[in-house]
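One structure is given here, and the rest of the page talks about it.
Taken together, the values in this text are just the output of simple stated rules run on the coordinates, not laboratory data. Keep in mind that what you see is a predicted model, and the values were worked out from it rather than measured. Positions of Cβ are backbone-derived with ideal geometry, glycine not excepted, and every protein chain shown enters the neighbour counts.
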Amino acid sequence: MNSVMSMAVQAINAQAMAISNISDNVANSSTVGYKAVQTQFLDLVQGMQSTSSPVLGGSKQMGVTAYADFLNRGQGQIVSDSSTSSAAISGNGFFPVAKPTGVDPETGEPTGFESTVYYTRQGDFHLDSSGRLVNAAGYYLMAAPASGTGTPQIYTVDADDNAAGGSFTGVSITDGGAITVSYDDGSTSVQGQILLANFAEPDSLDRVDGTAFLATEESGRAVYGNPVSHSNGVGSIVGSALEQSTADTADQMTKLIIAQQAYSMNSQVIQAANEMMTTALGMKG
């Protein structure tokens, strides 16, 4: 009877994890670039099947365990966005981004950046007061020079007048990932090129939060590719667009109903086992 209660408790813990993951997915169903988490269940089996009685002396069932399956490579729907500095990734790859170490309370500008490179699909970038492109989660875009060569660095827009005296009016990310500056005389200038980071096993990236990741030994190191030539297997960049969350609310609600029913049933198993033990102890007395 103890084993029955133990298995039911394990099942409750597993379903609690599933409900937690579902809750996180539903909460982030509108978060740009969010990748849904799926809960996987594994049967725990102890011992081998008995040769003397294959049926009655079979494997001893020891319950269930659960783990989170991070679907980082999932593709979200791409929709148009009114901001010219927004960008979405279609296919493989992640934007390399940097995290500030602190912010000046007077100017709101970063006082420095961590040396660690983060990776994200959240492309709702906007120009901040320091001339850098930052997304809504506070991660700053890293990019290469306009030539598209070299290692991505924290990108800063040159907002000075152009050679003809045209004044800076804005920045945009065009299809293919070119960072383009516009001037009031109608001219434009390509100042940078976004390179995408690709991984051998993107589902094994370490999730810092719902939209930012770190490389791990299992994911492999980041390999940069140009979204124009699709080098190193990276996909395309769509300008003035955003990648939606991969969490589908209808699917998540269906999974929630299943998890709730399983949780409730296992609670009843514990209650029944407890009543049986109480009865057995009463008979012994």
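Structural remarks
- Extension gain (nm, one decimal) between M276 and S147, 0.36 nm per residue minus Cα-Cα: 39.0 nm
- Hydrodynamic radius of the chain per Kirkwood, over alpha carbon pairs, in Å: 22.1 Å
- Among residues other than Q38 with Cβ under 12 Å from its Cβ, the summed charge is -3 (Lys and Arg +1, Asp and Glu -1).
- The chain: relative contact order as a whole-number percent, Cα under 8 Å and 6+ apart: 25 percent
- FRET efficiency estimate (nearest 0.05) - Cβ-Cβ, L214 to T169, R0 35 angstrom: 0.45
- Intensity falloff of the range 138-207 expressed as log10 I(q)/I(0), Debye formula with alpha-carbon point scatterers, at q = 0.29 Å⁻¹: -1.25
- Remark: spin-label model distance E114-H230 equals 3.3 nm, labels positioned 7 Å along the Cα→Cβ axis.
- Peptides 175-183, 190-198 ranked from most to least packed, by the mean per-residue count of other Cβ atoms within 10 Å: 190-198, 175-183.
- Local electrostatic count, D161, Cβ distance below 14 Å [Lys/Arg +1, Asp/Glu -1]: -4
- Computed over the range 125-250, the P(r) curve from all C-alpha pair distances, binned at 5 Å from the origin, holds 2, 10, 16, 20, 21, 14, 8, 4, 3, 1, 0 percent per bin.
- Taking the longest Cα principal axis of the chain as reference, the axis of helix 2-27 is set at about 20 degrees.
- Around S219: net Lys/Arg minus Asp/Glu count, Cβ-Cβ under 9 Å: -4
- For the range 163-285, averaging the sequence separation of C-alpha pairs within contact (under 8 Å, six or more residues apart) and dividing by the residue count gives a relative contact order of 18 percent.
- Our estimate of slack between S129 and V190, defined as 0.36 nm per intervening residue step minus the Cα-Cα distance, is 19.9 nm.
- Signed unit charges on C-beta, dipole axis of the chain, positive-most listed residue T120, L205, T151: L205
- Computed from the Cβ-Cβ distance with R0 of 30 Å, the FRET efficiency linking S90 to D161 stands at 0.30.
- Mean Cβ neighbour count within 10 Å, used as a protection proxy, ranking 84-92, 150-158 highest first: 84-92, 150-158
- For the chain, the longest principal axis of the C-alpha atoms and the axis of helix 249-284 are separated by about 30°.
- Counting only Cβ charges, +1 for Lys and Arg and -1 for Asp and Glu, the dipole size of the chain around its Cα centre is about 1380 debye.
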